[in-house]
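Novice: I have a structure I would like to understand better, so I am pasting it below and will then ask my questions one at a time.
The values are calculated or read from the model by the stated rules, or taken from the named source; none is laboratory data. Please read these numbers as outputs of a predicted model, since none were measured by experiment. Glycine gets a Cβ as well: all are built from the backbone with ideal geometry, and neighbour counts include every protein chain shown. The accessibility values were calculated without ligands, DNA or RNA, using every heavy atom of the protein model including side chains. Shrake-Rupley method; radii C 1.70, N 1.55, O 1.52, S 1.80 Å.
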Amino acid sequence: MGNNNNLVPGFNDERDDSLKINLEKLEEVENGLVIYLNGYIDTYNSSFFQKRIQKVVEAGFINLVFNCASLNYVSSTGIGSFTAFLKMIKPKGGDIVLLEIQPKVYEVFQLLGFSQFFNIKDSMQEASAFFKSVGTNVPSSDSIFPKIFSCPVCSKRLKATKSGRFRCSECKSILAIDPQGQVFLG
């Protein structure tokens with residue numbers, strides 16, 4: 001894997017030794033980019049991480065595969081960054097796949113209740129297939145709702161009758177559910 005960070009203008013303007021990021025064009029997916037993460041994401045470097053990915057999205061890449069094979073640790077702040085990316089690209093018609101997540105990193109996603117919000121795949125072939133299938137068989141809203149799901153914060157079982165924003169009856173977190181039935185904080 002070569003360093004193709006010049007795909008995004010100004011991407012290397014800022015560096016952080018705790019998190020190395022390399023980019024690779026995902027040729028078979030329109031506006032696709034593989035983002036190789038090496039190191040860790042925590043409170044101290046999450047701002048750096050978010051600024052780099054903001055540049056990626058501004059450059060027109062909205063179908064993002066985060067290769068997490070060399071990502072050793074993610075704090076709750078780091079997971080918040082991934083959630084922010086979803087909110088950034090979903091309205092543009094994009095999506096995110098997390099690839100090759102190490103078990104201890106996946107455990108953090110699970111403990112915080114976020115594993116159900118992200119498309120987690122084991123191989124690049126699965127990631128590419130995911131992007132190729134998106135939009136080809138979008139279920140109609142009436143087949144999704146009412147939807148029963150768990151609150152990502154407190155795990156309370158909730159029911160949504162339609163897309164929109166609402167508050168968890170247990171922990172009072174504000175949640176949003178899109179027309180495809182995906183649930184987000186916020």
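Novice: Over the chain, one equal point on each Cα, no solvent: what is log10 I(q)/I(0) by the Debye formula at q = 0.17 Å⁻¹?
Specialist: Log10 of I(q)/I(0), two decimals: -1.16.
Novice: Once the Cα atoms of helix 124-133 and of the chain are each reduced to a long axis, what angle between those two axes, in degrees from 0 to 90 to the nearest 10, is obtained?
Specialist: Value to nearest ten degrees: 50.
Novice: Further question on the same structure: How large, in percent, is the carbon and sulfur part of the accessible surface of the chain at a probe radius of 1.4 Å?
Specialist: On the way: 4480 of 9470 Å².
Roughly 47 percent, rounded to a whole number.
Novice: What FRET efficiency comes out for the pair residue 156/residue 6, r = Cβ-Cβ distance, R0 = 35 Å, nearest 0.05? Could the numbers behind the result be given before it?
Specialist: Values: r = 47 Å, r/R0 = 1.33.
Efficiency for this residue pair is about 0.15.
Novice: Where the only charges are on Cβ atoms (+1 Lys, Arg; -1 Asp, Glu), what is the dipole of the stretch 5-70 about its Cα centre, to the nearest 20 debye?
Specialist: Numbers: 6 positive and 10 negative charges, 24 e Å.
Dipole magnitude for the stretch 5-70 comes out near 120 debye.
Novice: Can you give the FRET efficiency to the nearest 0.05 for residue 92 and residue 20, using r as the Cβ-Cβ distance and R₀ = 30 Å? Don't jump to the answer; show the numbers that get you there.
Specialist: On the way: r = 26 Å, r/R0 = 0.88.
For residue 92 and residue 20, the calculated efficiency is 0.70.
Novice: Work from the charge dipole of the stretch 1-139 (Cβ charges, +1 for Lys and Arg, -1 for Asp and Glu, about the Cα centre) and give the residue of 50, 32, 97 farthest towards its positive end.
Specialist: Value computed over the given set: 50.
Novice: Do you know the relative contact order of the chain, to the nearest whole percent, from alpha carbon pairs under 8 angstrom that are 6+ apart? Numbers along the way, then the final one.
Specialist: Working: 314 pairs, mean separation 25.9, N = 186.
It rounds to 14 percent for the chain.
Novice: What accessible surface, in Å², does a 1.4 Å probe find on residue 73, ignoring ligands, DNA and RNA and rounding to the nearest 10?
Specialist: Counting only protein heavy atoms, residue 73 exposes about 110 Å² to solvent.
Novice: Using 7 Å Cα-to-Cβ label points, what is the residue 38/residue 77 separation (nm, one decimal)?
Specialist: Spacing of the two 7 Å Cα→Cβ label points: 2.4 nm.
Novice: Right, next: Roughly how big is the stretch 1-150's charge dipole about its Cα centre, with Cβ charges of +1 (Lys, Arg) and -1 (Asp, Glu), in debye to the nearest 20? Please report the intermediate quantities before stating the final value.
Specialist: Numbers: 13 positive and 16 negative charges, 59 e Å.
My answer is approximately 280 debye.
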